[in-house]
1. Just to verify a result, which residue in segment 230-250, among those that are under 21 Å from LEU170 (Cβ atoms) and of a type in the set (Gly, Ala, Ser), is nearest to the chain's Cα centre (by Cα)?
2. So ALA235 passes all but one of these: (1) touching a Ser or Thr at 6+ places or on another chain (Cβ under 8 Å); (2) open to solvent by less than 20 Å² (accessible area, probe 1.4 Å); (3) over 30 Å from ALA144 (Cβ atoms). Which condition number does it fail?
3. Among the residues of segment 85-111 satisfying the criterion of being among the polar types (S, T, N, Q) and either open to solvent by 40 Å² or more (accessible area, probe 1.4 Å) or within 17 Å of the chain's Cα centre (by Cα) (or both), which is farthest from THR226 (Cα to Cα)?
4. Go through segment 112-127 and count every residue that is closer than 20 Å to TYR60 by Cα, open to solvent by 20 Å² or more (accessible area, probe 1.4 Å) and of a type in the set (Val, Ile, Thr).
5. Search segment 199-229 for residues being modelled with pLDDT of 90 or more and over 19 Å from the mean Cα position of the chain (by Cα), and hand back the single one that is most open to solvent (accessible area, probe 1.4 Å).
6. Scan segment 70-90 for residues that are in a helix (DSSP H, G or I) and of a type in the set (A, V, I, L, M) and jot them down.
7. Under 30 Å from ILE164 (Cβ atoms) and either open to solvent by less than 10 Å² (accessible area, probe 1.4 Å) or assigned to a helix (DSSP H, G or I) (or both): does that describe PHE49?
Amino acid sequence: MITKTNYRVTAITIIIHTLILGIGFNVLGVVFEFPDILRQSADYRLTLFIENSSIIIPVYYLLALTGFTQIIFCVLLHHLFDNNKSGLLRLATIFGILTGIFQALGFIRWPIVVPYFAEAMTSNVPMETISFVEGMLNRYAGMAVGEHLGFVCQAAWTTLIGVIMVKHKLFSHRIGWAAVIIGLLSFPMSMEPLGGFLTIFGELTWPVNAAWNIWLVLVAISLLRTNEETGKGMAVGWKTAIISAVIWII
């Protein structure tokens, strides 16, 4: 039996997840020129990393932990649906778990591996060698695993869970349709690391991720206001949509 506690635990996990992501990305944007720093030269990136490592390392470690909160709330959300044995929901949950795994793998290099390159800069290792290896790691762990694979799976999870929400009483169909739209927009966004003409989709990163985080907060609020007896989520009207749009613009 699903109780109010189940809804609350899932909602709180989602809120913690979004808070860490929101605060973490904004702090990195100020002290580390994130996300543009990922496309800069290795020597510039490492120099800036050394200058602000006391802030960058703990923030990236917290962001790596969001890979686990992603997995936790995806699994918890899975069990809140009364048809939790459906193939579509299971597929969605698999993509949600993969999102967390790729997210953690992408972020964890910063607090553990990158300091090794920073230390090498003070030794006799040629800067050309350091730049080459660090650049290769950045493209693989950051762009290929964290951004490309991570966003592909995030897009798939969001789209699939949105389709399920539209058909289920646990959430307003408007929350479900918002997920479908955000999920579909996330697919082209995930193609940006492939380079070439696809780099234009990088412009979607901030607006789509902002919309995704706001949508997650709405999911959490809906869960907190779910009727325990009927299992029906809160209604979402135009007022909520307007407030969400204003927050997204800000």
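1. That would be SER244.
2. So the condition that ALA235 fails would be (2).
3. GLN103
4. 2
5. For segment 199-229, the residue satisfying everything is ARG225.
6. ILE71, ILE72, VAL75, LEU76, LEU77, LEU88, LEU89
7. The answer is no for PHE49.
The values are calculated or read from the model by the stated rules, or taken from the named source; none is laboratory data. Keep in mind it's a predicted model, so treat the numbers as computed, not measured. Ideal geometry is used to build each Cβ from the backbone, glycine not excepted, and the neighbour counts take in all protein chains shown. All accessible areas refer to the heavy atoms of the entire protein, side chains included, with ligands and DNA or RNA removed. Shrake-Rupley method; radii C 1.70, N 1.55, O 1.52, S 1.80 Å.
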